[in-house]
(Lines give C-alpha, C1' and ligand atoms only; values in the text may rest on other atoms or scores of the structure.)
Protein backbone atom coordinates (compact mmCIF):
# COMPACT_ATOMS: atom_id res chain seq x y z
CA UNK A 1 0.00 0.00 0.00
CA UNK A 2 2.85 2.37 0.81
CA UNK A 3 4.47 1.79 -2.57
CA UNK A 4 1.21 2.56 -4.41
CA UNK A 5 0.71 5.75 -2.37
CA UNK A 6 4.28 6.84 -2.99
CA UNK A 7 3.95 6.15 -6.72
CA UNK A 8 0.74 8.17 -6.86
CA UNK A 9 2.38 11.05 -5.01
CA UNK A 10 5.37 11.07 -7.36
CA UNK A 11 3.15 10.95 -10.46
CA UNK A 12 0.94 13.80 -9.26
CA UNK A 13 3.96 15.96 -8.47
CA UNK A 14 5.65 15.12 -11.76
CA UNK A 15 2.56 16.04 -13.77
CA UNK A 16 2.25 19.43 -12.03
CA UNK A 17 -1.50 19.28 -11.48
CA UNK A 18 -1.74 23.04 -10.91
CA UNK A 19 -0.34 23.69 -14.38
CA UNK A 20 -2.84 21.28 -15.92
CA UNK A 21 -5.68 23.05 -14.10
CA UNK A 22 -4.53 26.44 -15.38
CA UNK A 23 -4.19 25.17 -18.94
CA UNK A 24 -7.70 23.69 -18.90
CA UNK A 25 -9.14 26.87 -17.39
CA UNK A 26 -7.46 29.01 -20.06
CA UNK A 27 -8.74 26.70 -22.81
CA UNK A 28 -12.26 27.05 -21.43
CA UNK A 29 -11.80 30.84 -21.29
CA UNK A 30 -10.83 30.89 -24.97
CA UNK A 31 -13.94 28.85 -25.85
CA UNK A 32 -16.53 30.47 -23.58
CA UNK A 33 -15.07 33.77 -22.35
CA UNK A 34 -15.59 32.64 -18.75
CA UNK A 35 -12.70 32.41 -16.29
CA UNK A 36 -12.91 31.11 -12.72
CA UNK A 37 -10.67 33.73 -11.09
CA UNK A 38 -11.55 32.67 -7.56
CA UNK A 39 -10.45 29.09 -8.17
CA UNK A 40 -7.28 30.10 -9.99
CA UNK A 41 -6.31 32.33 -7.07
CA UNK A 42 -6.27 29.27 -4.77
CA UNK A 43 -3.67 27.33 -6.78
CA UNK A 44 -0.09 26.93 -5.61
CA UNK A 45 2.74 29.16 -6.80
CA UNK A 46 3.89 26.64 -9.43
CA UNK A 47 0.85 27.67 -11.50
CA UNK A 48 2.05 31.28 -11.81
CA UNK A 49 4.42 30.81 -14.78
CA UNK A 50 1.60 29.25 -16.79
CA UNK A 51 -0.75 32.12 -15.93
CA UNK A 52 1.81 34.75 -16.96
CA UNK A 53 2.64 33.19 -20.33
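The values are calculated or read from the model by the stated rules, or taken from the named source; none is laboratory data. Please read all numbers here as calculations on a predicted model, not as lab measurements. Positions of Cβ are backbone-derived with ideal geometry, glycine not excepted, and every protein chain shown enters the neighbour counts.
Among what's in the stretch 1-39 and is modelled with pLDDT under 90 and in a loop (DSSP other than H, G, I, E, B), pick the residue that is surrounded by the fewest Cβ atoms within 10 Å (Cβ to Cβ). Among those that are modelled with pLDDT under 90 and in a loop (DSSP other than H, G, I, E, B), it is 1.
Here is a list of conditions, (1) in contact with a helix residue (DSSP H, G or I) (Cβ under 8 Å, 6 or more places away or on another chain); (2) not in a helix (DSSP H, G or I), and residue 42 meets all of them except one; can you say which number that is? Against the list (1) in contact with a helix residue (DSSP H, G or I) (Cβ under 8 Å, 6 or more places away or on another chain); (2) not in a helix (DSSP H, G or I), residue 42 comes up short only on (1).
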